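A short worksheet on the structure shown next.
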Amino acid sequence: MNSNQKTNLKLCPTKLRPLLGLTLLLVEDSRFTCEAVRMMCQRSGARLRRADCLKSAERHLVVYRPSVVIIDIGLPDGSGLNLIRKLHHERPRIPAILATSGDELMHHSALKAGADGFLTKPIESLAGFQSAFLSNLPATQQVLGPRAIIDDIIIPDSIAYRDDLRHASKLLNREPSLSQDYILNFLDGVCKSTGDAKIVAAVKEKNISRLKTKINNRITELTDN
């Protein structure tokens with residue numbers, strides 16, 4: 001078997017790795033969500049590239065064309081809806097454009113902007129992740145015949161959550177250029193994904209001093225553990 005044949009075999013999706021040969025661009029500012037998606041791509045066979053803001057996503061898209069793009073609606077430099085609208089109207093169009101948010105009310109807005117599907121955070125179901133891909137891709141990029149449905153729940157290591165909290169703490173203390181609404185929405189989404197009800201409650205109170213204290217306490221707990 002020559003090297004070209006080996007390469008072709010690697011790119012063929014299989015029943016256990018139905019996304020083999022596909023490339024995902026994830027436009028997401030949360031390390032916790034990125035780590036969950038990375039683990040799912042690894043299990044599924046997809047290649048992953050990540051952009052943490054709209055500007056970074058634009059730079060990626062100049063260089064290559066992914067099979068699927070997942071775009072977080074709340075990003076530090078603007079709304080992911082704007083990027084969804086732009087990609088929806090481009091030709092040739094990316095085969096599958098998916099939106100994600102911790103706010104289910106954004107589902108309708110995402111579809112109206114041109115998204116093919118919507119992933120509600122936390123993104124944790126392996127089967128749901130794979131189905132979101134495959135239901136929006138042409139048959140030529142899918143497994144022939146039935147595929148294995150493995151509905152594992154993917155939970156990233158707490159280090160990724162700690163990194164998100166450290167990032168939020170830095171923004172609250174050093175980044176007056178970013179709106180407080182963005183930072184609070186970032187924290188709300190991340191903490192809902194991890195089930196951290198205490199910080200979610202502190203976010204809703206909008207008491208920044210108390211919120212900083214709770215974040216620092218949680219970072220200490222996660223570091224000690």
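Derivation of every value follows stated rules applied to the coordinates shown; laboratory data play no part. Model, not experiment: these values are computed from the prediction. Reconstructed Cβ throughout: ideal geometry from the backbone, glycine too, with neighbour counts over all protein chains shown.
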The exposure ranking of S169, S135, S209, fewest beta-carbon neighbours within 10 Å first, is S209, S135, S169
Quick one: helix 80-89 against the long Cα principal axis of the chain, what's the angle to the nearest 10°, folded into 0 to 90?
-> 20 degrees
Which one of P138, L105, M39 is farthest out on the positive end of the charge dipole of the range 3-141, using unit charges on Cβ (Lys, Arg +1; Asp, Glu -1) and the Cα centre as origin?
-> P138
Out of every Cα pair in the range 158-224, what percent are spaced more than 17 Å from each other?
-> 30 percent
Computed over the chain: longest principal axis from alpha-carbon atoms vs helix 158-174 long axis, angle to nearest 10 degrees, is 50 degrees
What angle do you read, to the nearest 10 degrees and between 0 and 90, between the alpha-carbon axis of helix 180-194 and the longest principal axis of the chain?
-> 60 degrees
Length-normalised contact order of the chain in % [C-alpha pairs under 8 Å, at least 6 apart] | 18 percent
Of K170/K204; K192/K212; K192/K214, which pairs sit farther than 23 Å apart, going by alpha carbon to alpha carbon?
-> none
Provide the gained length on full extension for the span K204 to N225, in nm with one decimal, where the gain is 0.36 nm per separating residue minus the Cα-Cα distance.
-> 4.9 nm
If we count other beta carbons within 10 Å of each Cβ, what is the order of F129, F118, fewest first?
-> F118, F129
Treating the beta-carbon of each Lys and Arg as +1 and of each Asp and Glu as -1, no other charges, what is the dipole magnitude of the range 3-141 about its Cα centre, to the nearest 20 debye?
-> 700 debye
Placing +1 on each Lys and Arg Cβ and -1 on each Asp and Glu Cβ in the range 158-224, then taking the dipole about the Cα centre, the residue among I208, G189, L171 whose Cα reaches farthest towards the positive end is I208
Once the mean 1/r over all distinct Cα pairs of the chain is inverted, what Kirkwood radius in angstroms do you read off?
-> 18.5 Å
Residue exposure sequence - V200, V68, V62, V190 - by fewest surrounding Cβ within 10 Å | V62, V200, V68, V190
